[in-house]
Amino acid sequence: MSQIDELVQKVMEAVLVRLSNEAQLKLKLIGTSDSNVLSLISKLPTATLTDCTIEEADVLFMTQLSVEQMGRIANGCPQTPEENALLKHFLKGKKVMVLQEGIEFYHYRQSASYALRQKFEEFELQWCRYGAEVVSKKEATWQLPRSQNQQTAEVVGTKKVWTEAKLKELNLATGAHFKLEKNALLTALAKDYLQEKNIHWT
């Protein structure tokens with residue numbers, strides 16, 4: 001192999017390495033984690049867990065979300081530098097994943113009044129409208145965009161959104177089957193309600 005061929009080979013290898021690195025989304029973990037969370041994150045094919053800042057990250061994965069933080073971000077009123085960076089992350093149209101088990105309000109679902117539950121369900125829905133996705137350790141697969149520029153054509157506002165309150169209005173029987181409209185969304189509280197009533201959905 002001539003020197004020119006060797007040089008071309010090295011350049012091609014460097015280009016391929018750079019392209020593969022660019023295809024990977026930088027994922028920033030916010031909050032504490034356990035082996036289950038790290039194992040699930042490692043299975044995301046298009047994201048790499050990195051020690052970068054919120055501003056540098058393509059995807060944020062939040063394992064903890066306090067009631068105060070949830071409300072402030074939903075209302076667009078950040079108070080800390082981290083919350084300000086998080087809101088700017090949403091403004092840039094970047095992905096945020098929130099672990100359901102780490103949402104503080106979920107620990108008070110049984111004791112909180114109906115009005116308070118409704119208010120926090122609205123906050124959760126607002127986060128989803130901003131671009132957040134609530135995921136659970138129980139879910140087998142999580143979806144991520146293939147690249148930062150590849151966004152779905154549909155806007156959350158144009159989709160049917162099922163909340164716990166809307167499902168309760170249907171008075172579904174325990175063990176029934178619930179058919180979702182195409183591209184409809186279920187809030188995390190709505191999913192919990194269906195699971196508690198042993199209602200299957202497709």
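The values are calculated or read from the model by the stated rules, or taken from the named source; none is laboratory data. Here the structure is a predicted model, which is why all the values come from computation and not from measurement. Please note: Cβ atoms are built from the backbone with ideal geometry, for glycine as well, and neighbour counts cover all protein chains shown.
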Going by the conditions given, is Ser33 modelled with pLDDT under 65 and either in contact with a Cys (Cβ under 6 Å, 6 or more places away or on another chain) or hydroxyl-bearing (Ser, Thr, Tyr) (or both)?
no
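Let me confirm something: among Lys197, Lys94, which residue is surrounded by 15 or more Cβ atoms within 10 Å (Cβ to Cβ), modelled with pLDDT of 80 or more, under 17 Å from the mean Cα position of the chain (by Cα) and among the charged types (D, E, K, R)? Step through it out loud before you land on a result.
On the way: Lys197 fails: under 17 Å from the mean Cα position of the chain (by Cα).
One residue alone meets the criteria, Lys94.
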I need every pair where a residue in the range 125-137 that is over 16 Å from Val59 (Cβ atoms) has its Cβ under 6 Å from the Cβ of a residue that is modelled with pLDDT under 85 and not in a loop (DSSP other than H, G, I, E, B), sequence separation at least 6 or different chains.
Arg129/Val156; Lys137/Asn36
Of the conditions (1) at pLDDT below 85; (2) buried (at least 16 other Cβ atoms within 10 Å of the Cβ), Gln24 satisfies every one except a single condition; which number is it?
(2)
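Conditions (1) in contact (Cβ under 8 Å) with a residue 40 or more places away in the chain; (2) of a type in the set (A, V, I, L, M, F, W, C); (3) farther than 18 Å from Thr63 by Cα, marked per residue:
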| position | (1), (2), (3) |
| --- | --- |
| Gly93 | yes, no, yes |
| Met97 | yes, yes, no |
| Ile103 | yes, yes, no |
| Ala112 | no, yes, yes |
Here the qualifying pairs (Cβ atoms under 6 Å; residues six or more apart or on different chains; first in the range 189-202 and of a type in the set (A, V, I, L, M, F, W, C); second assigned to a helix (DSSP H, G or I)) come out as Leu189/Glu121; Leu189/Glu164; Ala190/Glu164; Ala190/Leu167; Trp201/Leu194
Taking only pairs six or more apart or across chains, which ones have beta-carbon atoms under 7 Å, a first residue in the range 76-90 that is outside the structural domain of Leu65 (by TED's automatic domain parsing) and buried (at least 16 other Cβ atoms within 10 Å of the Cβ), and a second residue that is part of a helix (DSSP H, G or I) and not acidic (Asp, Glu)?
none
Would you confirm, using the coordinates I've provided, whether Ile73 is of a type in the set (A, V, I, L, M, F, W, C), outside the structural domain of Ala190 (by TED's automatic domain parsing) and touching a residue at least 40 places away in the same chain (Cβ under 8 Å)?
yes
